[in-house]
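Before any comments, here is the structure.
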Amino acid sequence: MRTTWVVLLLLAAAGCVNKGAGLGGSENIARAPENASLGGIPIALDGEVWRNQMPGPTENDPGLLVTVRVRTADNSPMPASIHADSAWVVNGPRIWATALSPVSRDPLGTSFEATAQRGPKWDPGETVDIVAVVRDGLNNRILVRASDKTIETAQ
């Protein structure tokens with residue numbers, strides 16, 4: 001994925017990448033860390049990306065689906081005001097910018113999940129990075145990354 005970040009930086013310098021929903025430029029996506037601190041709380045990201053290619057009553061392929069799991073890196077409680085509102089899925093020079101919808105919080109209060117659907121129709125087996133925007137109740141934000149996620153398939 002190192003090549004991905006070089007390509008993103010070059011595209012950003014040339015002004016070729018959509019900055020997506022006012023969330024910052026491609027250079028920020030490329031520099032997003034695996035762990036970051038938000039209001040003194042250590043935050044880490046994990047996620048899954050997949051395509052639902054199961055046969056159904058219609059020929060409608062919903063495209064890529066992504067689930068992000070935001071957790072405290074030290075398993076401490078996470079304030080309920082912390083949420084992830086958007087993400088980028090980076091596949092080489094291709095970037096999918098999307099809003100996230102909350103799904104659930106774990107009962108211990110150390111993590112939560114958010115999801116997005118109807119992404120591009122990238123092939124299962126490809127490797128992507130996920131970068132999420134995580135915000136607190138004061139609208140402070142960080143970017144955090146989950147690297148080298150393989151696009152899975154549901155069949």
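Residue count for segment 100-134 under the criterion of being in contact (Cβ under 8 Å) with a residue 12 or more places away in the chain and assigned to a strand (DSSP E or B): the result is 18. Within segment 52-75, none of the residues are among the acidic types (Asp, Glu) and surrounded by 14 or more Cβ atoms within 10 Å (Cβ to Cβ). Of the residues making up segment 27-43, none is closer than 17 Å to Arg118 by Cα, at pLDDT below 95 and under 15 Å from the mean Cα position of the chain (by Cα).
The values are calculated or read from the model by the stated rules, or taken from the named source; none is laboratory data. A quick note: this is a predicted structure, and the numbers were derived from the prediction, not measured. Please note: Cβ atoms are built from the backbone with ideal geometry, for glycine as well, and neighbour counts cover all protein chains shown.
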